[in-house]
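One structure below.
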Amino acid sequence: MGYFITFEGIEGCGKTTQIRLLGEHLSLLGHRVVLTREPGGCQISDKIRTILLDADNLGMNPLAELFLYAAARAQHVSEIIRPALESGCIVLCDRFTDATIAYQSSGRGIDRATIDLLNALACQSIEPNLTVLIDCEINVGLNRAKQRIDSATGPREERFELEALEFHQRVRNGYLDLARQNPERYFRTDGSGTIEQISATIAERVLKGLKDSSRAIR
Ligand code: TMP
């Protein structure tokens, strides 16, 4: 079995850049690496992503939203993540089940038992070995996210960026709670450092995790 690393954080925390840098670093060391993201990661789930992030869909019912994330995840796990892990790859995934806990439970207020049930159904026992939380102030993250959306071509993926500041604060607090509750799995890093500083701390933690897991297997 390979090694599964998820990246989490609020909008604009810098996950995407850090995943790319870690992927390059691990590939140079000779590892087989798969970079993917949620919602999305394969054709069917990318179509669901378009519905989920479309700013025209502001009236989406919270349960409909939750079911769409679960549907996208079920497809992504079975088509991409599970086969990659079974073939021994390191999978780096931009958001996973903890995003559903932070956004749909802490953010939207859906009860945790419902979220946990859907996450379990969608994942079929696949769980991250390590979760990197890039924590940052919500005004810093939202400003970065807005700049990225303004300069992107194609549909404006900003349904979440249009949420109130209180929503983003609840999401951030939800992630911080998850990090406190799962200290073995979580690595929390401060997203206000330079790109190079953050990537160096993440690489150090990931290499330690890989070493420990190969020791555990032997
Ligand atoms: P991204 O901007 O990091 O690609 O993430 C897409 C958006 O989807 C982001 O606003 C967080 C949100 N999201 C959820 O609300 N629940 C989930 O389960 C996932 C994976 C993402």
May I ask you to list the residues in segment 151-175 that are open to solvent by less than 100 Å² (accessible area, probe 1.4 Å) and within 21 Å of T17 (Cα to Cα)?
S151, A152, G154, E157, E158, F160, E161, H168, V171, R172, Y175
Consider L130 against the criteria (1) within 13 Å of the ligand (Cβ to nearest atom); (2) in contact with a helix residue (DSSP H, G or I) (Cβ under 6 Å, 6 or more places away or on another chain); (3) closer than 21 Å to Q197 by Cα: it satisfies all of them except one. Which criterion is unmet?
(1)
Considering segment 74-88 alone, what residues qualify as being buried (at least 18 other Cβ atoms within 10 Å of the Cβ) and under 19 Å from S27 (Cβ atoms)?
I80, I81, A84, L85
A122, sole failed condition from (1) assigned to a helix (DSSP H, G or I); (2) farther than 27 Å from A74 by Cβ
(2)
Might you check whether a residue that is closer than 27 Å to Y3 by Cβ, surrounded by fewer than 20 Cβ atoms within 10 Å (Cβ to Cβ) and not small (G, A, S) occurs anywhere in segment 137-150?
no
Name the pairs: first residue in segment 152-169 and within 18 Å of D56 (Cβ to Cβ), second residue assigned to a loop (DSSP other than H, G, I, E, B) and open to solvent by 60 Å² or more (accessible area, probe 1.4 Å), Cβ to Cβ under 8 Å, at least 6 apart or on different chains?
R159/L58; L162/L58
Do you know which of the residues in segment 58-73 that are surrounded by fewer than 19 Cβ atoms within 10 Å (Cβ to Cβ) and within 12 Å of the ligand (Cβ to nearest atom) is farthest from F4 (Cα to Cα)?
M60
Tell me, yes or no, whether segment 38-45 has at least one residue that is part of a strand (DSSP E or B), open to solvent by 10 Å² or more (accessible area, probe 1.4 Å), more than 9 Å from the ligand (Cβ to nearest atom) and farther than 24 Å from R185 by Cα.
no
For segment 179-206, enumerate the residues that are of a type in the set (A, V, I, L, M, F, W, C), assigned to a helix (DSSP H, G or I) and touching a residue at least 12 places away in the same chain (Cβ under 8 Å).
A179, I195, I198, I202, A203, V206
Pairing a residue in segment 1-26 that is in a helix (DSSP H, G or I) with any residue that is polar (S, T, N, Q), where Cβ atoms lie under 9 Å and the two sit 6 or more apart in sequence or on different chains, gives T17/S199; Q18/T189; Q18/S199; L21/S199; L22/S199; H25/S199
So if I check each of I149, I110, which one is of a type in the set (A, V, I, L, M, F, W, C) and farther than 24 Å from L63 by Cβ?
I149
Can you pull out every residue in segment 98-114 that is touching a helix residue (DSSP H, G or I) at 6+ places or on another chain (Cβ under 6 Å) and either open to solvent by 20 Å² or more (accessible area, probe 1.4 Å) or more than 9 Å from the ligand (Cβ to nearest atom) (or both)?
S105, S106, R108, I110, R112
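The values are calculated or read from the model by the stated rules, or taken from the named source; none is laboratory data. As the structure is a prediction and not an experimental result, all values here were calculated from the model. Note that each Cβ is placed from the backbone with ideal geometry, even for glycine, and that neighbours are counted across all protein chains shown. The protein model used for the area step is the full one, side chains on, heavy atoms only, and it has no ligands, DNA or RNA in it. Shrake-Rupley method; radii C 1.70, N 1.55, O 1.52, S 1.80 Å.
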